[in-house]
Amino acid sequence: QVQLVESGGGLVQPGGSLRLSCAASGRVFGITSMGWYRQTPGKERELVALIPRASDTLYGDAVKDRFIVSRDNAKNTVYLQMNSLKSEDTAVYYCYASQAADYWGQGTQVTVSS
């Protein structure tokens, strides 16, 4: 089993920045992709950013050119730097890791509001 713990969510004003972190623990050997998804009430969970272990990153269309995903394999941690935040970025952000199965964090709330 892999456990994922997110941190860094909160309230930020439009145009501001926020950085999320997600640390994986447990049976972390063999984790391939790590990344972030988000969800708002009544909508399906959507891709924010994905970073495979050895290939190019993938971003959702809504966050391209504003968010940056990075990964520290030595620490089994994935980060999401969110810049130029908009009210429509308000959501619960979930950390994701892929191994033999898919794993999800508990989610962290990001609220963009003045």
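The values are calculated or read from the model by the stated rules, or taken from the named source; none is laboratory data. Given the structure is predicted, the values throughout are model-derived calculations rather than measurements. With ideal geometry, Cβ positions are generated from the backbone for all residues, glycine too; neighbour counts draw on all protein chains shown. Heads up: the accessible areas ignore ligands, DNA and RNA and are worked out on the full protein's heavy atoms, side chains in. Shrake-Rupley method; radii C 1.70, N 1.55, O 1.52, S 1.80 Å.
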Radius, Kirkwood style, for the chain when every pair of distinct Cα atoms is counted (Å) = 14.0 Å
request  = Quickly work out the residue 111-to-residue 65 label distance, labels modelled 7 Å from Cα along the C-beta direction, and quote it in nm with one decimal.
outcome  = 3.0 nm
Per-pair calculated FRET efficiency, R0 = 22 Å: residue 25 and residue 53 via Cβ, rounded to 0.05 = 0.80
request  = Using a 1.4 Å probe and counting only protein heavy atoms, arrange 89, 56 so the residue with the most accessible area comes first.
outcome  = 56, 89
request  = Would you calculate the separation in nanometres between label points at residue 72 and residue 88, each defined as 7 Å from the Cα along the Cα-to-beta-carbon direction?
outcome  = 3.3 nm
key: Per-residue ³J(HN,Hα) for the stretch 5-13, Karplus 6.51 cos²θ - 1.76 cosθ + 1.60, θ = phi - 60°, Hz, x for Gly and Pro   = 10, 8, 8, x, x, x, 9, 9, 7
request  = Over the chain, calculate the relative contact order: mean separation of alpha carbon pairs under 8 Å at least 6 apart, over the residue count, as a percent.
outcome  = 37 percent
request  = Ignoring everything but the protein chains, give the 1.4 Å probe accessible area of residue 77 in square angstrom, nearest 10.
outcome  = 10 Å²
